[in-house]
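**Student:** So that we are looking at the same thing, I have put the structure below in structure tokens.
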Amino acid sequence: MSLRNSVNRPPTPDAVEDQEKEPTLQEIINIKMIESGEKEKLMELLRERLVECGWKDEMKALCRAYIKKKGTNNVTVDDLVHVITPKGRASIPDSIKTELLLRIRAFLASAAL
Amino acid sequence: MSAHSQLSSHFFEDLLDSIIVDVASECHRVARLGLDRNFEEEEEELRLSAQARARVADSSNNGETNSKYVVDIFGQTHPAVANEIFECMNCGRSIVAGRCFCSSLQGRKARLKVTRSATAAQNRYTRGSPGSSYSSYSNSTGMNRLSNGASSGVAGEEYSNGSFEEL
């Protein structure tokens, strides 16, 4: 007598497949940064620098211009993100980028990664 | 590029993307909630302030403005200069509002002081010697005398020769 499959369920994953899903180096670093609070500090530092240099005002102006052009009800957050991301990335002052990269590298070195 | 550099760049871009999303989200919220009603007014203000700056820069270059005073975007001078001319209620002279009021006001103050002291002196006299008399000041001579520094505001009689006797 054969047993009927009364429950449809996916097959139990093999143990081999689980071993391949180890966290990447990037994920490990990300977790360490979050746990140590360094990510929050870096975020605040970058935010502060971008406000000081007028970058944020520039991005807000771009957003306003786009909203005015398309109409308030026809714009989503995704649209705005897609509009300002290329310009935002390109207009970061080099000094700010350098400062942040140095901080990140210092963290990586201190975390012995 | 080394592994560390790549990782650093990757994390930097992650941070930047988060901030970009924050900015976009904030602008979207402001626009949808209608909190941006002052946007056109702000633009107008920015335009006017830029015009004012250009005007001041031009004026200073042309030397049109007084080096002592600067005119702001509201047309006010700094430090404040009162250019309007008024008529003094006391002596009836035309006087510029920004001028020191010392001569006129001091005289007026002195006259007030004299009047009050005279009243006090008169009261003393009437209590002490009923026969005494006092002539009040009504001309500017007395005021000028007093304005020369008699801050005590003493009262007295003015003799015909112009001398003043303190009582």
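**Student:** Assuming R0 = 41 Å, what is the FRET efficiency of A:Asp78 and B:Phe74, from their Cβ-Cβ distance, to the nearest 0.05?
**Tutor:** Result of the calculation: an efficiency of 0.40.
**Student:** A further question follows. Take B:Glu44 and A:Ile34, extend 7 Å from each Cα along the Cα→Cβ direction, and tell me the distance between the two endpoints in nm.
**Tutor:** Reported label-point gap for B:Glu44 and A:Ile34 is 4.8 nm.
**Student:** Continuing with the same structure: In degrees between 0 and 90, to the nearest 10, how far off the longest principal axis of chain A does helix A:38-52 point, with axes built from Cα atoms?
**Tutor:** 30 degrees
**Student:** Something else: How many partner chain Cβ atoms sit within 10 Å of a residue's Cβ in peptide A:33-39, on average, as a whole number?
**Tutor:** For this peptide, the per-residue mean of nearby foreign Cβ atoms is 1.
**Student:** Pick from A:Glu22, A:Glu44, A:Glu99: which residue has the top mean-square fluctuation in a GNM of chain A where Cα pairs under 10 Å get a spring?
**Tutor:** Taking springs between Cα atoms under 10 Å, the residue moving most is A:Glu22.
**Student:** In a Gaussian network model over chain A where Cα atoms closer than 10 Å are linked, find which of A:Lys56, A:Lys70, A:Lys32 has the largest mean-square fluctuation.
**Tutor:** Most flexible of the set in this elastic network: A:Lys70.
**Student:** Sticking with this structure for a sec: Once R0 is set to 51 Å, what does the formula 1/(1 + (r/R0)^6) return for the Cβ-Cβ distance between B:Ser9 and A:Thr12, expressed as a FRET efficiency to the nearest 0.05?
**Tutor:** Once the sixth-power term is evaluated, E becomes 0.80.
**Student:** Any idea of the total accessible area buried by the B-A contact, 1.4 Å probe, rounded to 100 Å²?
**Tutor:** Roughly 3100 Å².
**Student:** When ligands, DNA and RNA are left out and all protein chains stay put, how many square angstrom of accessible area per residue does chain A have with a 1.4 Å probe?
**Tutor:** Value returned for chain A: 73 Å² of accessible area per residue.
**Student:** From the P(r) of chain A, could you give the percentage of C-alpha pairs in the tail past 25 Å?
**Tutor:** 54 percent
**Student:** From other protein chains only, count the Cβ atoms within 10 Å of every residue's Cβ in B:3-10, then give the mean.
**Tutor:** 5
The values are calculated or read from the model by the stated rules, or taken from the named source; none is laboratory data. For clarity, every value in this text was computed on a predicted model and none was experimentally measured. Reconstructed Cβ throughout: ideal geometry from the backbone, glycine too, with neighbour counts over all protein chains shown. With ligands, DNA and RNA removed, areas are computed over all heavy atoms of the protein, side chains included. Shrake-Rupley method; radii C 1.70, N 1.55, O 1.52, S 1.80 Å.
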